[in-house]
Amino acid sequence: MSVEQLEANSDCRGVEDISLLSHSKSVDDVYIPQVAENCKPKVSRRAYGCFGDVVVFDTTYNTNQYGMIFAPLVGVNNHGQTVLFTCAFLSDEKTESFVWLFELLKDSMPTNNPKIIITDQDPAMTKAIVQSLPNIFHRYCSWHILEKFSTYLNAITYRDFYKDFQQCIWESECPEEFERKWVTTIEKASLDNNDWLKSIFELRSRWVPAYVNHIFSAGMSSSQRAESSHAFFKKYVSKRNLLMDFIRRVRG
């Protein structure tokens with residue numbers, strides 16, 4: 001084990017001392033603290049029990065000096081405010097790491113699992129959700145998909161037809177209307193051979209409102225609440241910080 005890894009493990013043990021944590025895996029794998037039974041985060045558990053039907057999950061970087069990935073799971077309360085249910089530090093974004101996190105979520109929180117989870121289209125995340133949370137609806141973030149239109153359409157096509165796609169996506173009241181408008185727009189824009197558009201059309205039941213609005217999502221269609229929590233935490237920490245710095249500053 002390298003000097004850097006030893007220092008990182010020492011930092012993790014320091015986090016345990018501060019937070020009264022009972023267990024953590026080595027940073028060589030995944031670091032996710034497991035809270036001691038007499039120190040359960042009651043506020044987060046209570047919030048999860050009330051508002052955990054809808055969970056938004058996204059990851060971010062540059063919150064600690066080890067390059068570990070910050071992974072918060074958030075929701076929204078009855079006042080429309082973002083609520084942090086739990087968070088973790090991961091050493092990678094592999095399926096196994098996400099499975100570990102989701103299994104810990106089920107073990108640590110009240111027994112009611114989410115009804116819906118909103119994420120981006122990360123393949124490893126998708127596999128982990130199928131494996132650990134097979135009975136919940138996995139909705140893809142519409143914002144991430146819409147942002148990619150400017151990448152996969154040329155500038156002129158994007159200028160002339162993006163509004164048509166938006167209208168098709170947001171104003172269709174049923175799947176049949178969406179499909180009819182989508183085909184019409186594809187034909188008008190001569191985009192029959194666009195593989196990316198074909199791929200997101202195949203996934204339409206996971207992100208197009210006309211297919212998913214029957215499932216309660218607390219008014220959310222994207223993972224932007226998770227991203228707003230990233231911005232909040234980054235006010236207090238950066239890639240120069242230790243894990244203990246993160247705990248102290250967030251708790252303070």
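Here are the numbers for the structure shown:
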quantity: Using θ = phi - 60° and Karplus 6.51 cos²θ - 1.76 cosθ + 1.60, couplings along the stretch 209-217 (whole Hz; Gly, Pro as x); calculated: x, 4, 9, 10, 5, 6, 9, 4, 9
quantity: Cα-only Debye scattering, the stretch 80-234: base-10 log of I(q)/I(0) at q = 0.12, 0.14, 0.21 Å⁻¹; calculated: -0.61, -0.80, -1.41
quantity: Cross-link table Lys127/Lys148; Lys148/Lys188; Lys127/Lys181, entries beyond 26 Å C-alpha to C-alpha; calculated: Lys127/Lys181
quantity: Inter-label distance, nm, simple model (7 Å from Cα along the C-beta direction), Thr151/Glu179; calculated: 2.8
quantity: Given charges at Cβ of Lys, Arg, Asp, Glu: the stretch 105-181 dipole, positive-most of Ile129, Ser108, Ile118; calculated: Ser108
quantity: Bins of 5 Å from zero: percent of alpha-carbon pairs in the stretch 92-173; calculated: 3, 13, 18, 18, 13, 10, 10, 9, 4, 2, 0
quantity: Cβ-Cβ FRET estimate between Lys42 and Lys127, R0 fixed at 35 Å, reported to 0.05; calculated: 0.60
quantity: Amide H contacts under 5 Å for Thr86, placed H, 5+ residues apart; calculated: Leu73
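Readers should treat all values here as calculations from the given coordinates under stated rules, not as data from a laboratory. Since the model is a prediction, treat every value here as computed from it, not as a measurement. A quick note on method: Cβ atoms are made from the backbone with ideal geometry, for glycine too, and the neighbour counts reach across all protein chains shown.
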